[in-house]
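Participant: First the structure, which I've put down as structure tokens, then a few questions once you've had a look.
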Amino acid sequence: MPVRRIMIDVDGTLIDEKHNLFPGVENKLKIWADKYEIECRSHTGGGFAMKILKRFDLLKYFMIEMEVYLPEQDKWIKASVPQVFDKPDIIVDDNPDSILSLAGKLIPPPLEGDIKDYKWWTIGDLELFKRLKRG
Ligand SMILES: [Mg+2]
């Protein structure tokens, strides 16, 4: 699988418990931003991640050019958009490995052994979320 996009955590990854930047972070981000799309996600929240990235002048590495739709004008524009988000609590994906690598929680398919049965789209959230496994 060729590397295309890298997700980077904040607490304990970019910064230590005293909110100091780990050595080598900026140099690595500079290299990665030239080769890949990198995104920053934190369970503490996208706003917190944004604050840390701005404090250390790292936000520039997380900007990507993309087409953005403006519904009120019904038009698309090119814009530079920060890839800084909350970490998801739940990911819906047919590939358990990608789910576990992101969130550590998995909603297993409801019919044992048949991951391609998409009937679970019709199951209520209460029942579906009861199936969450802790990673
Ligand atoms: Mg962390």
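Participant: What strands (runs of 3 or more DSSP E), lying completely within the stretch 1-70, carry at least 2 residues that are within 16 Å of the ligand (Cβ to nearest atom) and under 26 Å from Asp97 (Cα atoms)?
Facilitator: 5-8, 37-42
Participant: Farther than 19 Å from Arg5 by Cβ, under 17 Å from the mean Cα position of the chain (by Cα) and either of a type in the set (Val, Ile, Thr) or outside the structural domain of Trp121 (by TED's automatic domain parsing) (or both): does that describe Gly24?
Facilitator: no
Participant: Then there's this: If Gln83 satisfies every condition in (1) away from the ligand (no atom under 14 Å from the Cβ); (2) polar (S, T, N, Q); (3) farther than 23 Å from Asp97 by Cβ but one, which is the exception?
Facilitator: Gln83 satisfies every listed condition except (3).
Participant: May I ask you to verify whether Phe56 is more than 15 Å from the chain's Cα centre (by Cα), at pLDDT 95 or above and of a type in the set (A, V, I, L, M, F, W, C)?
Facilitator: The answer is yes for Phe56.
Participant: Output the number of the condition that Ile15 fails; it satisfies all remaining conditions of (1) closer than 11 Å to Phe62 by Cα; (2) touching a residue at least 12 places away in the same chain (Cβ under 8 Å).
Facilitator: Of (1) closer than 11 Å to Phe62 by Cα; (2) touching a residue at least 12 places away in the same chain (Cβ under 8 Å), only one is false for Ile15: (1).
Participant: So, Ile77, is that one in a strand (DSSP E or B) and modelled with pLDDT of 75 or more or not?
Facilitator: Here the answer is yes, as Ile77 does meet what is asked.
The values are calculated or read from the model by the stated rules, or taken from the named source; none is laboratory data. Model, not experiment: these values are computed from the prediction. In this analysis, Cβ positions are derived from the backbone assuming ideal geometry, glycine residues included, and neighbour counts consider all displayed protein chains.
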